[in-house]
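First up is the structure itself, then whatever we jot down about it.
The values are calculated or read from the model by the stated rules, or taken from the named source; none is laboratory data. Bear in mind the structure is a predicted one, so any value in this text is a computation, not a measurement. Positions of Cβ are backbone-derived with ideal geometry, glycine not excepted, and every protein chain shown enters the neighbour counts.
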Amino acid sequence: MTNNKPPLIALVGPTAVGKTATSLAIARAFGCEIISGDSMQVYRGMDIGTAKLPLAQREGVPHHLIDIRDPAEPFSAADFQTACEEAIRDIHGRGRIPFIVGGTGLYVESVCYGFRFQPSGGDPAFREAMQALAERDGPEALHRKLAAVDPASAAKLHPNDMRRVIRALEIRETTGLPASEQLGEARGDRKESPYNLALIGLHMERARLYERIEERVDAMLAQGLAEEVRGLLEAGLPSSAVSMQALGYKEMAAYIEGRATYAEAADTLKRDTRRFAKRQLSWFRHMQDLIWVDADPEAKNSELLQTIYAIIAGKFGLSLEYIRTQEINGDGGYR
């Protein structure tokens, strides 16, 4: 390694862009252990809707922060950061390279740049008051209120994302500081990573990405997404739980509870997933140090991988011959 900071690789990109398959090849080439950077893969029993890679398909690559919480348990960005940093230390201790893979921008960025979350305590009465305001005047009124006290957070949140808008307002109310500043996002300041960081983003032409999203949703429905959600509800998990607000789960819950037809729920899921992908891309575009790589599905996969290998090898001062050796032996590391 050419940098005295500990190494870290991170791969981000919108849903359905191909992160999972690409990450396995990278992990084998560089002797990595993968850390899921997905906010919902932490939950047990939520497999289909989170596109969780089955154990048998992980090709012997260790994966971390998957299936570590019950769906009724809360799990925040601060919780992720704590658990991820512990996993990174453990992986480094084994002489291997930690590799965060996922699409939850705040989670990944909080680790890559050491955001420091301030304890806020929480204020249930304030949350209830904000919920009542939204019900009376509409979510736009709540979003305008956030824009007045924390414009940076408001710019990143859709008015209809009331849970996160209310949370940002609650942080401002209970700490006196904007949530955006607590995430280490001081205006104009360049964030310094505590790691020798290779940060890579996958993208592709928008129309093709949307086609892949449609295909993914159809595959999830065929695999039994509705039945998975029904099982969670029948086990006592309320549809209002934070975990049930995940894509696929809230839409299928609406169908199961009679608030939408199956066709309506499927169409809503496809629409919401497209919108989610747009928000992901918007977040990633503001991440410093991110190197974009075109994941055009029509191109040769070997070309995509060689591009990424060259980026990582250059960052870590490794030769491509080293990479070829690890691909053959599968026993990479950085000692």
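Looking at Ala27, Ala16, Ala56, Ala10 in this structure, which one is surrounded by fewer than 22 Cβ atoms within 10 Å (Cβ to Cβ) and of a type in the set (A, V, I, L, M)?
Exactly one of Ala27, Ala16, Ala56, Ala10 is surrounded by fewer than 22 Cβ atoms within 10 Å (Cβ to Cβ) and of a type in the set (A, V, I, L, M), namely Ala56.
Buried (at least 21 other Cβ atoms within 10 Å of the Cβ), modelled with pLDDT of 80 or more and part of a loop (DSSP other than H, G, I, E, B): is that true of Gly103 in this structure?
Against the criterion (buried (at least 21 other Cβ atoms within 10 Å of the Cβ), modelled with pLDDT of 80 or more and part of a loop (DSSP other than H, G, I, E, B)), Gly103 qualifies.
Could you grab me the full set of residues in the stretch 35-84 that are among the hydroxyl-bearing types (Ser, Thr, Tyr) and in contact with a helix residue (DSSP H, G or I) (Cβ under 8 Å, 6 or more places away or on another chain)?
Of everything in the stretch 35-84, those that are among the hydroxyl-bearing types (Ser, Thr, Tyr) and in contact with a helix residue (DSSP H, G or I) (Cβ under 8 Å, 6 or more places away or on another chain) turn out to be Ser39, Tyr43.
For a quick check of your reading: which helices (runs of 4 or more DSSP H) sit entirely within the stretch 150-220 and have at least 2 residues that are of a type in the set (Ser, Thr, Tyr) and at pLDDT below 95?
Where helices (runs of 4 or more DSSP H) fall fully within the stretch 150-220 and carry at least 2 residues being of a type in the set (Ser, Thr, Tyr) and at pLDDT below 95, they are 162-175.
Could you tell me which numbered condition Ser239 fails, if it satisfies all but one of (1) assigned to a strand (DSSP E or B); (2) at pLDDT below 95?
(1)
Is it true that some residue in the stretch 248-271 is outside any loop (DSSP other than H, G, I, E, B), surrounded by fewer than 17 Cβ atoms within 10 Å (Cβ to Cβ) and at pLDDT below 95?
Within the stretch 248-271 (the criterion being outside any loop (DSSP other than H, G, I, E, B), surrounded by fewer than 17 Cβ atoms within 10 Å (Cβ to Cβ) and at pLDDT below 95), the answer is no, since none of the residues qualifies.
Could you identify the single residue in Asp67, Asp38 that is closer than 19 Å to Ile200 by Cβ and of a type in the set (Asp, Glu)?
Every option except Asp38 fails the conditions.
Considering only residues that are more than 27 Å from Val17 (Cβ to Cβ) and either of a type in the set (A, V, I, L, M, F, W, C) or in contact with a helix residue (DSSP H, G or I) (Cβ under 7 Å, 6 or more places away or on another chain) (or both), which ones fall in the stretch 215-231?
Arg230
Mind listing just one residue for me: the one in the stretch 72-100 that is assigned to a strand (DSSP E or B) and among the β-branched types (Val, Ile, Thr) and, of those, farthest from Ser36 (Cα to Cα)?
Ile97
Out of the stretch 215-232, which residues are more than 12 Å from Met46 (Cβ to Cβ) and surrounded by 15 or more Cβ atoms within 10 Å (Cβ to Cβ)?
Arg216, Val217, Leu221, Ala226, Arg230
On the basis of being of a type outside the set (Val, Ile, Thr), surrounded by fewer than 21 Cβ atoms within 10 Å (Cβ to Cβ) and either on the phi < 0 side of the Ramachandran plot or not in a helix (DSSP H, G or I) (or both), does Glu33 make the cut?
Yes: the conditions hold for Glu33.
State all residues of the stretch 253-298 that are of a type in the set (Gly, Ala, Ser) and more than 26 Å from Leu197 (Cβ to Cβ); if no residue qualifies, say none.
Once the filter is applied, which keeps residues that are of a type in the set (Gly, Ala, Ser) and more than 26 Å from Leu197 (Cβ to Cβ), the stretch 253-298 yields Ala253, Ala254, Gly258, Ala260, Ala263, Ala265, Ala266.
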